[in-house]
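These notes are about the structure you will find just below.
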Amino acid sequence: MLDNHKAMVQRFFKVLRLGIFAGALIGIGGAVNLQLSSMGYPALGAIFFSFGLMCVCILGANLFTGKVGYVLENDRNYFIDVLIMALGNIIGALVVGYICGALFPNWNVSLTTKFLYGEGATWYGCALRAIGAGVFVYLAVECFKRIENYPAKLVMVCLSIATMVLLGCNHSIANVFYFAYAQVRVAGFDWANAIWSVIVAMLGNSIGSLLIYLLQRSIPRLKD
């Protein structure tokens, strides 16, 4: 029994550690996006934002939005792992967000708060955009898994994520980074609103990933 408990603890910290790593990578991608967007190159920012997910896929880090779409084909332990990943992602993105907030004061703060309710966004608008982000992240990860040619893998990840950013889709873990940056730079930042916004985005990301997963799995049956 002690061995089982030890194995569970080790598994928890391994999943959490890889989740923190993934959250930090997404934060770095978001940082490059903010830098380039603030310089007047939003399209380049969208392309370089994909750096985060490319590294997640290549290095085997645990990203909530990249894993949640596969919960239906796995057991309860996988679902628990996904929740631990989400916690790790939040920690990693927060750390990078606070560091960037201290080091880079000139980024466009409005880009970091556009998914906060009351900042020109409604909860249902954010939810729909979050569903879109779930779709694009799932497509990026699934293409990375299926395509054999390595350059083509990276191109598809880049195109999927750049499209997601340019369409203004709502990625929950990126938002954690953006909101952490905004908290440092904006006096009186509303963290209660930010937490609610992230929760809704996580639910929307999950729905989008699961919807495209179910659609993809239904295609062979339709052909029959």
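The values are calculated or read from the model by the stated rules, or taken from the named source; none is laboratory data. Quick caveat: nothing in here was measured; it's all calculated off a predicted structure. We place every Cβ from the backbone using ideal geometry, glycine too, and count neighbours over all the protein chains shown.
Of everything in the range 117-168, what is within 21 Å of ILE195 (Cα to Cα), surrounded by 21 or more Cβ atoms within 10 Å (Cβ to Cβ) and among the small types (Gly, Ala, Ser)? Give them in sequence order.
Passing the criteria: ALA130, ALA133, GLY134.
Going by what's in this entry, would ALA93 be described as modelled with pLDDT of 95 or more and either buried (at least 23 other Cβ atoms within 10 Å of the Cβ) or under 15 Å from the mean Cα position of the chain (by Cα) (or both)? Spell out how you get there, then give the answer.
Values: modelled with pLDDT of 95 or more: yes; either buried (at least 23 other Cβ atoms within 10 Å of the Cβ) or under 15 Å from the mean Cα position of the chain (by Cα) (or both): yes.
Here the answer is yes, as ALA93 does meet what is asked.
All but one of (1) under 21 Å from ALA24 (Cβ atoms); (2) surrounded by 15 or more Cβ atoms within 10 Å (Cβ to Cβ); (3) at pLDDT 90 or above hold for LEU103; state the number of the condition that does not hold.
(2)
Would you please list the contacts, defined by Cβ atoms under 6 Å and residues six or more apart or on different chains, that run from a residue in the range 93-115 that is outside any helix (DSSP H, G or I) to a residue that is modelled with pLDDT of 90 or more?
Close Cβ pairs (under 6 Å, with a partner that is modelled with pLDDT of 90 or more) amount to TRP107/LEU34; TRP107/SER38; ASN108/SER38; THR113/ALA182; PHE115/ASN170; PHE115/ASN175; PHE115/SER197.
Tell me, which residue of the range 38-49 that is crowded, with 20+ Cβ neighbours inside 10 Å, touching a Leu at 6+ places or on another chain (Cβ under 8 Å) and not aliphatic (A, V, I, L, M) is farthest from ALA24 (Cα to Cα)?
GLY45
From (1) crowded, with 24+ Cβ neighbours inside 10 Å; (2) within 18 Å of CYS126 (Cα to Cα), pick out the condition that doesn't hold for TRP196.
Result: TRP196 fails condition (1) only.
Would you say VAL56 is of a type outside the set (D, E, K, R), under 20 Å from ALA140 (Cα atoms), touching a Lys or Arg at 6+ places or on another chain (Cβ under 6 Å) and at pLDDT 95 or above? Even if it seems obvious, please write down each step before you answer.
Values: of a type outside the set (D, E, K, R): yes; under 20 Å from ALA140 (Cα atoms): yes; touching a Lys or Arg at 6+ places or on another chain (Cβ under 6 Å): no; at pLDDT 95 or above: yes.
No, not satisfied.
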